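Enquirer: Dumping the structure here so I can ask a few things about it.
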Amino acid sequence: MSGPRIAGFISLLALASAARAAGAGATVQGVVIPPPKVEAPAAPRLGFLDRIEDPIVELRQHDPFPDCFIFLEGGPAAGDASTPPRSSVVWQLDTNSFSPALLPVVSGTSIEIANVGRETHLLVAAEKPDLLPKDPIGPTGSSKPIVISAQEGPVVVESRSSPHLRGRVVPLPTRYFARLDRNGRFKIENVPSGRWTVKLWYRDGWANLRGRTVDVPTKDVKIDLPNDALAPAAAGK
């Protein structure tokens with residue numbers, strides 16, 4: 001896995017309420033601070049001419065949030081925490097991308113890919129050649145439900161005709177996960193009391209959070225991430 005290094009922190013709040021029904025669990029929420037702004041490199045002087053800055057288009061900043069989600073591992077999971085939803089999860093396929101590009105699900109969840117774009121796509125998954133239908137999916141069409149287990153690991157789905165179009169499905173053993181919003185915030189509800197390991201998925205694998213944990217329920221928990229929080233984890237970690 002490769003990616004930008006984010007200097008920041010995750011602030012986790014595990015809130016318990018005396019009025020909460022027994023066994024409902026706490027809400028764990030927090031925020032991932034975005035990376036610092038990338039400054040444009042200085043332009044070399046060539047003769048008597050300087051580079052002319054574009055007054056309209058600014059340097060585009062990399063946004064890692066669409067490629068991230070938070071997962072709480074361990075702890076005393078509820079009895080039904082590993083049960084997939086009864087209905088299929090609809091994964092939208094647009095003309096140029098999947099929405100969302102990264103799809104965390106409970107292991108065994110039924111996933112239906114719905115083409116909401118204008119193009120026809122023949123989808124393939126290199127890790128599981130028999131996972132997807134052999135026929136292309138046209139506009140307004142959808143795939144037969146596919147199921148991926150946690151034992152099979154993450155699967156990358158891409159279009160044969162548009163190699164840039166790809167999405168990732170990450171099956172997880174329990175439901176204690178949440179994607180980040182555009183500001184890096186997340187919320188995981190109904191987390192049972194206990195100690196949990198906080199894991200951050202970035203793009204193709206787990207970022208190295210050096211065994212960060214959170215005790216639920218507590219009033220406030222703050223976890224500072226080192227500058228290499230989104231650096232590749234060591235092999236086998």
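The values are calculated or read from the model by the stated rules, or taken from the named source; none is laboratory data. Small disclaimer: the values here were computed from a predicted structure and weren't measured. Cβ: placed from backbone, ideal geometry, glycine included. Neighbour counts: every protein chain shown.
Enquirer: Please state which one of R175, R168, R118 is part of a strand (DSSP E or B) and of a type in the set (D, E, K, R). Steps first, please.
Expert: Working: R175 fails: part of a strand (DSSP E or B); R118 fails: part of a strand (DSSP E or B).
None of the others qualify; the one that does is R168.
Enquirer: Still on this structure, please answer the following. Identify, please: which residue in segment 143-158 is surrounded by 15 or more Cβ atoms within 10 Å (Cβ to Cβ) and free of Cβ contacts under 8 Å to residues at least 40 places away in the same chain and is, among those, farthest from the chain's Cα centre (by Cα)?
Expert: Per the criteria, the residue is S143.
Enquirer: Taking segment 70-115 as the region of interest, how many residues are under 29 Å from G194 (Cα atoms), hydrophobic (A, V, I, L, M, F, W, C) and not in a loop (DSSP other than H, G, I, E, B)? Step through it out loud before you land on a result.
Expert: Keep residues of segment 70-115 that are under 29 Å from G194 (Cα atoms), which gives 70-86, 102-109.
Now restrict to residues that are hydrophobic (A, V, I, L, M, F, W, C): 70-72, 77-78, 81, 102-103, 105-106.
If we keep only those that are not in a loop (DSSP other than H, G, I, E, B) as well, we get 70-72, 102-103, 105-106.
The number of residues fulfilling the criteria is 7.
Enquirer: Right, something else. Only residues in segment 61-82 that are under 10 Å from W201 (Cα atoms) count as the first member; pair them with residues that are surrounded by 15 or more Cβ atoms within 10 Å (Cβ to Cβ) and hydroxyl-bearing (S, T, Y), Cβ under 7 angstrom, at least 6 apart or cross-chain, and list the lot.
Expert: Close Cβ pairs (under 7 Å, with a partner that is surrounded by 15 or more Cβ atoms within 10 Å (Cβ to Cβ) and hydroxyl-bearing (S, T, Y)) amount to D67/Y202; C68/Y202; F71/Y176.
To keep it simple, each residue is scored yes or no on (1) over 30 Å from R118 (Cα atoms); (2) modelled with pLDDT of 90 or more; (3) of a type in the set (S, T, N, Q).
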site: I148; (1), (2), (3): no, yes, no
site: E152; (1), (2), (3): yes, no, no
site: S159; (1), (2), (3): no, yes, yes
site: S162; (1), (2), (3): no, no, yes
site: R166; (1), (2), (3): no, yes, no
site: N190; (1), (2), (3): yes, yes, yes
site: D224; (1), (2), (3): yes, no, no
site: P232; (1), (2), (3): yes, no, no
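Enquirer: Follow-up question, since we're still on this one. Among residues belonging to segment 178-198 that are crowded, with 19+ Cβ neighbours inside 10 Å and in a strand (DSSP E or B), point out the one that is nearest to the chain's Cα centre (by Cα).
Expert: Per the criteria, the residue is A178.
Enquirer: Would a scan of segment 163-177 turn up a residue that is surrounded by fewer than 17 Cβ atoms within 10 Å (Cβ to Cβ), under 19 Å from the mean Cα position of the chain (by Cα), among the hydrophobic types (A, V, I, L, M, F, W, C) and assigned by TED's automatic domain parsing to the domain that holds L102?
Expert: Within segment 163-177, not a single residue is surrounded by fewer than 17 Cβ atoms within 10 Å (Cβ to Cβ), under 19 Å from the mean Cα position of the chain (by Cα), among the hydrophobic types (A, V, I, L, M, F, W, C) and assigned by TED's automatic domain parsing to the domain that holds L102.
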